[in-house]
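Below is one structure; the comments refer to it alone.
The numbers here are math on the coordinates, done by the rules we state, and not lab data. Since the model is a prediction, treat every value here as computed from it, not as a measurement. Cβ coordinates were reconstructed from backbone atoms using ideal geometry, including for glycine residues, and neighbour counts include every protein chain displayed.
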Amino acid sequence: MSNLDADYNLELLATGVVLLDPELRIRALNLSAENLLEVSATRSIGKPLEALLDEPNEWLPLLHQALSENYPMVRRAIPLTTKTGHECTVDITLSPVAAKVGSRSLLMELNMVDRLQAISRDESEWQAQATLKEIMKGVAHEVKNPLGGIRGAAQLLASELPTTSLGEYTDIIISEVDRLHTLVDRMLGPNERLEPEPTNIHEVIEHVRQLIKAEAKGALEVVRDYDPSLPDFLADGGQLTQAVLNLVRNASQACGEGGLVTLRTRVLRQFTVGGTRHKLVCAFQVIDDGPGVPESLLSSLFLPMVTGTAKGTGLGLSIAQRIANQHGGLIQVQSVPGDTCFTLLLPMEI
Ligand SMILES: Nc1ncnc2c1ncn2[C@@H]1O[C@H](COP(=O)(O)OP(=O)(O)OP(=O)(O)O)[C@@H](O)[C@H]1O
Ligand SMILES: [Mg+2]
């Protein structure tokens with residue numbers, strides 16, 4: 001890279017990497033980026049990125065936003081047109097990086113994608129959730145019916161028992177049946193029908209923050225980083241509270257005593273969720289400094305009964321994801337040890 005890769009061979013990457021200074025002038029780029037932008041490094045370094053692109057690149061303001069808010073962003077299936085007329089579709093990842101004291105640079109990764117492919121990737125996640133929901137409904141129904149019978153029979157048996165000491169056993173049957181019943185109800189998740197009303201997401205988050213603070217008994221630091229410009233939007237406040245609570249509680253449990261959890265909100269413009277492009281999307285992030293999601297769980301994290309803890313039922317995330325889906329949204333996760341981020345994306349017009 002010209003020349004970022006004195007130490008790391010970024011030239012070999014299929015991903016285009018461009019380093020921009022605070023004025024969005026190109027400081028360095030790798031070979032893939034040269035190909036994508038159809039420009040050589042020697043000609044482009046020092047030039048504003050804008051000079052290499054054709055007019056209708058609507059995503060350029062995002063770069064300013066990422067820099068000024070010091071906030072990493074990912075945008076999928078963005079059309080990119082170069083000055084030379086080359087058109088392609090890319091996934092863009094923007095990461096502000098600290099340069100000299102007080103100034104920041106922006107690292108931009110460009111991954112070429114087929115637009116359809118990018119959209120269907122989101123859609124297949126969506127479809128998987130919908131299929132799962134149907135299976136769960138069937139299983140829950142089949143399990144709950146016999147449970148009612150078992151409970152009734154155990155009660156009858158208890159009343160016919162010759163000695164009360166045997167009642168201990170029927171009590172166990174009844175309490176275990178009740179536990180299973182509650183579990184199946186939780187697996188079924190929230191009410192199908194939403195009751196949307198204008199909702200202030202910050203009120204929801206603040207409510208959850210108080211709950212978690214009380215649960216953690218002062219052993220947890222919670223930092224708030226809210227975007228005050230985020231407007232109220234139509235949502236089911238009760239269900240959102242449940243989803244947010246499940247995410248924040250996981251973060252709190254993951255980082256344990258002395259942990260740090262950050263609650264962040266942002267507005268995303270022109271963002272695609274589940275194959276649909278939305279003008280405005282609310283992004284709520286729960287970031288914790290815990291050990292991270294175990295690698296073995298990452299691919300199945302949002303499925304019910306997937307848990308990494310002895311006490312967990314493994315339902316929290318599947319319920320949260322279902323609630324997000326019902327709102328037309330999605331939960332995504334990025335996790336490395338010391339930095340785990342769950343992002344709840346909610347379109348603001350449902
Ligand atoms: N912030 C996080 N950091 C590390 N691991 C996490 C985090 N959030 C979730 N996990 C992992 O994902 C698993 C599944 O989470 P989920 O909330 O679905 O279930 P649970 O917390 O185990 O049980 P439940 O929420 O039903 O009580 C957790 O057991 C944990 O291993
Ligand atoms: Mg949980």
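Any idea what angle helix 201-216 forms with the longest principal axis of the chain, computed on alpha-carbon atoms, 0 to 90 degrees, nearest 10?
That helix lies at roughly 60 degrees to the long axis.
Averaged over all directions, how much area does the convex hull of the C-alpha atoms of region 254-325 cover when projected, in nm²?
Averaged projected area of region 254-325's Cα convex hull equals 6.0 nm².
Please list the three semi-axes, largest first and in whole Å, of the ellipsoid equivalent to region 118-188, using sqrt of 5 times the eigenvalues of its alpha carbon gyration tensor.
Ellipsoid semi-axes (Å, largest first): 41, 10, 5.
Give the order of Phe233, Phe302 when sorted by the count of other beta carbons within 10 angstrom, beginning with the fewest.
Neighbour counts put them in this order, fewest first: Phe233, Phe302.
Can you give me the angle between helix 60-69 and the longest principal axis of the chain, using Cα atoms only, in degrees from 0 to 90, rounded to the nearest 10?
70 degrees
In whole Å and largest first, what semi-axes does the C-alpha gyration tensor of region 10-113 yield when each eigenvalue is scaled by 5 and square-rooted?
Working through the eigenvalues yields semi-axes of 19, 15, 13 Å.
Give me the count of lysine pairs in the chain whose alpha carbons sit under 22 angstrom apart, restricted to pairs 8 or more positions apart or on different chains.
Total qualifying Lys-Lys pairs in the chain comes to 5.
How much length is gained if the chain between Leu132 and Leu280 is pulled fully straight, taking 0.36 nm per residue apart and subtracting their Cα-Cα distance, in nm to one decimal?
That pair, Leu132 and Leu280, stretches by 50.5 nm at full extension.
Under the rule that an exposed site lies in a DSSP loop and has at most 16 other Cβ atoms within 10 Å, name the longest stretch of the chain with no trypsin sites (Lys or Arg not before Pro) of that kind, not counting the sites themselves.
That gives 218-310 as the longest site-free run.
Output the Cα-based Rg and Dmax of the chain in Å, rounding Rg to one decimal and Dmax to a whole number.
Reported Rg and Dmax, both Å: 25.0, 95.
Going by a ≥ b ≥ c, the root eigenvalues of the Cα gyration tensor, does region 165-293 fall in the rounded group (a/c under 1.5), the prolate group (a/b larger than b/c) or the oblate group?
Oblate, since a/c reaches 1.5 and b/c is not below a/b.
Could you grab the Rg to Rh ratio for region 61-101? Cα atoms only, Kirkwood for Rh.
Reported Rg/Rh, Kirkwood definition of Rh: 1.08.
Quick one: helix 237-255 against the long Cα principal axis of the chain, what's the angle to the nearest 10°, folded into 0 to 90?
That helix lies at roughly 80 degrees to the long axis.
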